[in-house]
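The values are calculated or read from the model by the stated rules, or taken from the named source; none is laboratory data. This one's a predicted model, so the numbers in the text were calculated from it and none came from an experiment. Because the Cβ atoms are built from the backbone with ideal geometry, glycine has one as well, and the counts that use them run over all protein chains shown.
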Amino acid sequence: MPELTVGNCPLFYQTSPNADPDSLPIVFIHGAGGSSHLWHNQVQTQMPGCAQMALDLPGHARSGGSGEDSVEAYGRWVISFMQEMGYQQYVLAGHSMGGAITMAVALSKPDLLRAIILVGTGARLRVTQEVLNRAREGASLTEYAYDSDTPISIQEEAEKEFNLTSPEVRYNDFLACDGFDSMQRIPEIHPPALIICGEQDQLTPVKYSQYLHRHIPNSRLEIIPQAGHMVMWEQAGACNRAIKDFMAALTSNSP
């Protein structure tokens, strides 16, 4: 699997097979304590006109570094990574904390973004003390993350990925989430936006995505049944169809 050194930090990433180098890049950003593998079903799916990739943030899974203490700091890493990759403009997609990172980039460097995809996230990400305590202890958050009908095997595979990141980094990620609040600035986001959420999401409930949809001017909302917070992992097919439809409309409107 490929690795790119950014600021002396080796960052692991995975890419879609046989992607056309002239295609529109989509970079997928995982959530708190996660990894690029949690976007595997999106990266490995053929999306005409698109070149997908997913990144392990610093301090996570297979990347070096020690993590960050704010969403904005992670956003700067993503921008630097894409600069090193040689891309001038791209689509940024993020889940949960990754969605917050995506919004932070959209607000700070909008010219870099052709569009954004926000999955299971919100304009403000308040984290309960119980979740913070469990993250500090390295305890699983599985009971909050899935629809009740999601197979145990799917949950266990994701849990293996979360266990690749230290409890300290996971805890700091949740602190970064808790400190994120862009509710007043969301209307300033101008790139086209696709917003996806699981109907049974307990961590970032549907109302969070509905708020984003109401306040981001050029957005569409997809609420996916039988999915919780890990919607792209639980219902990969439905999530991929939403992304493909959005990207097809986006590329057909390109000059």
Which one is surrounded by the most Cβ atoms within 10 Å (Cβ to Cβ), of the residues in segment 80-94 that are of a type in the set (A, V, I, L, M) and closer than 12 Å to L4 by Cβ? M82
Identify, please: which residue in segment 38-76 is within 27 Å of L175 (Cβ to Cβ) and of a type in the set (S, T, Y) and is, among those, surrounded by the fewest Cβ atoms within 10 Å (Cβ to Cβ)? S66
So the check is Cβ under 6 Å with 6+ separation or different chains; which pairs have a first residue in segment 171-184 that's hydroxyl-bearing (S, T, Y) and a second one that's in a helix (DSSP H, G or I) and modelled with pLDDT under 95? Y171/A135; Y171/R136
Do we have any residue at all in segment 114-125 that's surrounded by 14 or more Cβ atoms within 10 Å (Cβ to Cβ) and farther than 21 Å from W39 by Cβ? yes
